Amino acid sequence: MSQVIALPYIEPVFRPPSEWKSLILQVTNGCSWNQCTFCDMYTQPQKKFRPKSQEDIDKELAVVAESGTHVGRVFLADGDAMALSFRRLKSILLSIKHYLPNVTRVSSYCLPRNLLNKSVDELTELQQLGLKLVYVGCESGDDTVLSAINKGETYASSLSALVKLKQAQMKTSVMILNGMGGVRFSRQHAVQSAKLMNEAQPNFLSTLVVSYPLGDKRVVEGFKGEYQLPDTKGLLQEMKVLLENLQLESTVFRSDHASNYLALKGILGKDKSKMLSIIDSAIDNAIPLRQEWQRGL
């Protein structure tokens, strides 16, 4: 009989919303980059980046296996598991296969820089061992915005990583941040992000509205004092520009994260016209938006 298993997480632990049914296996703590000005997820002292030993990972997998809990999917936490070497990732995937043979999909967050020293052949081997999906936080396709938020990536580096993952037959889920360019760079942020997605053709694309629960001081400094988050209508206009410029063939699109004022979902491109019509209705106040109290991170 299955039971609740308390694994030794270093809190807080974050995961994509779609991984709510997955076993969260914390193979690293924190984020190896951890310099993005908009992100406060891993800034607490206990979240300093550190890989977990294979011995500890095996112990946790053994505990789960002995519990009798059925596990079909595993998410490799924290924010930067793909920073591990090919050798370490292979060992982890082999352990998952050994202890949890019913797992059909392993997934992880992935920074584009994580793939610089991993070949397509190595990524293909990881995919064949079960790593089927990676979540890539591109945030923007605009180099001015990426530089201002200290992402440590460029349009070119993001595209290179997404192409490499596609060549390895890994599915990709990309995040673009609505409002990340502020008012001044809103349009170019949307246009360049769409251009990046058109070249990459990810399997999944989602957006969320940026928010700064601990304040936006670092973001404003990155933009040399010229950052202002667009108002609700400005955010909707930016979403419209993004969608208008997207030329995707069969990408599942979602903007239903709790941070969004307007929930959208569909397949791009077949549902593009329908979603643009919904955005126009929202801009014209013809349909209700989420109230502030209904939104969350």
Practice item. Name the one entry in GLY179, GLY215, GLY222, GLY234 that is in contact with a Pro (Cβ under 8 Å, 6 or more places away or on another chain) and open to solvent by less than 50 Å² (accessible area, probe 1.4 Å). Key: GLY179
Practice item. Answer yes or no: is there a residue in the stretch 166-176 that is more than 21 Å from ASP143 (Cβ to Cβ), open to solvent by 30 Å² or more (accessible area, probe 1.4 Å), of a type outside the set (A, V, I, L, M, F, W, C) and not in a helix (DSSP H, G or I). Key: yes
Review point. If you take the residues in the stretch 18-56 that are of a type in the set (D, E, K, R) and closer than 19 Å to SER206 by Cβ, which one is surrounded by the most Cβ atoms within 10 Å (Cβ to Cβ)?
Key: GLU19
Check your understanding: Among the numbered criteria (1) open to solvent by 20 Å² or more (accessible area, probe 1.4 Å); (2) within 20 Å of the chain's Cα centre (by Cα), which single criterion is violated by VAL120?
Key -> (2)
Check your understanding: Could you list, in sequence order, the residues of the stretch 1-17 that are open to solvent by less than 30 Å² (accessible area, probe 1.4 Å) and under 20 Å from THR172 (Cβ atoms)?
Key -> PRO16
**Study point:** Subset of the stretch 57-97 (residues that are assigned to a strand (DSSP E or B) and open to solvent by 10 Å² or more (accessible area, probe 1.4 Å))
**Key:** ARG73
Practice item. Among what's in the stretch 1-44 and is β-branched (Val, Ile, Thr) and more than 15 Å from the chain's Cα centre (by Cα), pick the residue that is nearest to SER95 (Cα to Cα). Key: VAL27
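The values are calculated or read from the model by the stated rules, or taken from the named source; none is laboratory data. Everything quoted here is computed from the prediction, not taken from an experiment. For neighbour counting, all protein chains shown are included, and Cβ atoms are generated from backbone atoms with ideal geometry for every residue, glycine included. Ligands, DNA and RNA are excluded from the accessible area calculation, which covers all protein heavy atoms including side chains. Shrake-Rupley method; radii C 1.70, N 1.55, O 1.52, S 1.80 Å.
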